[in-house]
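The values are calculated or read from the model by the stated rules, or taken from the named source; none is laboratory data. Here the structure is a predicted model, which is why all the values come from computation and not from measurement. A quick note on method: Cβ atoms are made from the backbone with ideal geometry, for glycine too, and the neighbour counts reach across all protein chains shown.
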Amino acid sequence: HSGLENIRQALENKEFVLFYQPKINMATNEVVGSEALIRWQHPTRGLLSPADFLPLIENHPLSVMVGEWVIETALKQLSIWRGMGLNIPVSVNIGARQLQEDEFEAHLTKALEAHRDVPSHCLELEVLESSALEDMNKISRVMRACCALGVRFLLDDFGTGHSSLTHLRRLPADVIKIDQSFVRDMLEDSEDLAIVKGVIALAVTLKLEIIAEGVETKAHGDMLISLGCTLAQGYGIARPMPEDKLPNWVKNWH
Ligand code: G
Ligand code: G
Ligand code: MN
Ligand code: NA
């Protein structure tokens, strides 16, 4: 069996799962959302992380199928949580290739229609800023069409790509996500701190929301608050968790 065949089988056997990592507002302590992160519950190898299997299907039609599964599963979960009175948005990660697929918009429309109880602004798409956003015209067009459906866009890993400012100007993003590599080292590295400050200033100027990822300690959180970035995600708040753990986590978070 090739790796590809194994992944096809895994989809069929429902071995993929989404974990959810909370996002909070550090100023108000509200839970403002969660990021869906794919895992493979492998029958013999245990829980595999995306780095173990997503590279195998990069640029293969299977990556589109996995991407569609992620969106459908996140919407299903949003619907279930809504039924429980838990109304927080979920973001999913979208590769550049998936976004450029001809069927992307049609699939998203269909998936949203299958979950009319879920307001479309509760689904957020994290586009990897560092990935090859090669056909900017096409990507910008698809993003605008998806925005018209009501979904929101985050530029993920912001600062790690080579044309961040071009992307910001041309793409209809609602939120910038500061990459964890800058956040992690900002307390020791004055250059990383300068980058974090710069990205926050950019977001303020352009009236975009800003969220920091990789917030591992209280010191990181305090620094971000003092710089004007109050939305955060990271191991210091919570690790990604299975969907059945999230409602209790939210209830116990204060
Ligand atoms: O959760 P973890 O730290 O293992 O994720 C590693 C990387 O995998 C992150 O960069 C994340 O964006 C990516 N990733 C996680 N889930 C998905 C997914 O559903 N689709 C895509 N394309 N990337 C994902
Ligand atoms: O590229 P993306 O932003 O989608 O990556 C998210 C990844 O970062 C997930 O795999 C998640 O597990 C990981 N992650 C989330 N919070 C932290 C953190 O505080 N520290 C580290 N090292 N990784 C984190
Ligand atoms: Mn992400
Ligand atoms: Na990131």
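Give me the pairs, please: first residue somewhere in the stretch 230-243 and part of a loop (DSSP other than H, G, I, E, B) and modelled with pLDDT of 95 or more, second residue anywhere and among the hydroxyl-bearing types (Ser, Thr, Tyr) and more than 15 Å from ligand 3 (Cβ to nearest atom), beta-carbon distance under 8 Å, and either six or more positions apart or on two chains.
Hits for this filter: 230/28; 236/217.
Which is closer than 21 Å to residue 196 by Cα and assigned to a helix (DSSP H, G or I), of 109, 166?
On the way: 109 fails: closer than 21 Å to residue 196 by Cα.
Result of the check over 109, 166: 166.
Looking for whichever is out of contact with any helix residue (DSSP H, G or I) (no Cβ under 7 Å at 6 or more places or on another chain), under 17 Å from residue 231 (Cα atoms) and either in contact (Cβ under 8 Å) with a residue 40 or more places away in the chain or in a helix (DSSP H, G or I) (or both) here; the options are 9, 21. Which one fits?
Going through 9, 21 in turn, the sole match is 21.
This table checks each residue for (1) more than 19 Å from residue 127 (Cβ to Cβ); (2) part of a strand (DSSP E or B); (3) modelled with pLDDT of 95 or more.
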| residue | (1), (2), (3) |
| --- | --- |
| 35 | no, yes, yes |
| 41 | yes, yes, yes |
| 64 | no, no, no |
| 68 | no, no, yes |
| 71 | no, no, yes |
| 74 | no, no, yes |
| 77 | yes, no, yes |
| 82 | yes, no, yes |
| 86 | yes, no, yes |
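When you scan the stretch 240-249, do you find a residue that is buried (at least 16 other Cβ atoms within 10 Å of the Cβ) and of a type in the set (D, E, K, R), even just one?
yes
Within the stretch 209-229, which residues are touching a residue at least 40 places away in the same chain (Cβ under 8 Å) and out of contact with any helix residue (DSSP H, G or I) (no Cβ under 6 Å at 6 or more places or on another chain)?
Selection gives 211, 221, 224, 225.
Among the numbered conditions (1) modelled with pLDDT under 90; (2) more than 16 Å from ligand 4 (Cβ to nearest atom); (3) touching a Phe, Trp or Tyr at 6+ places or on another chain (Cβ under 8 Å), tell me where residue 165 comes up short.
Among (1) modelled with pLDDT under 90; (2) more than 16 Å from ligand 4 (Cβ to nearest atom); (3) touching a Phe, Trp or Tyr at 6+ places or on another chain (Cβ under 8 Å), residue 165 violates only (3).
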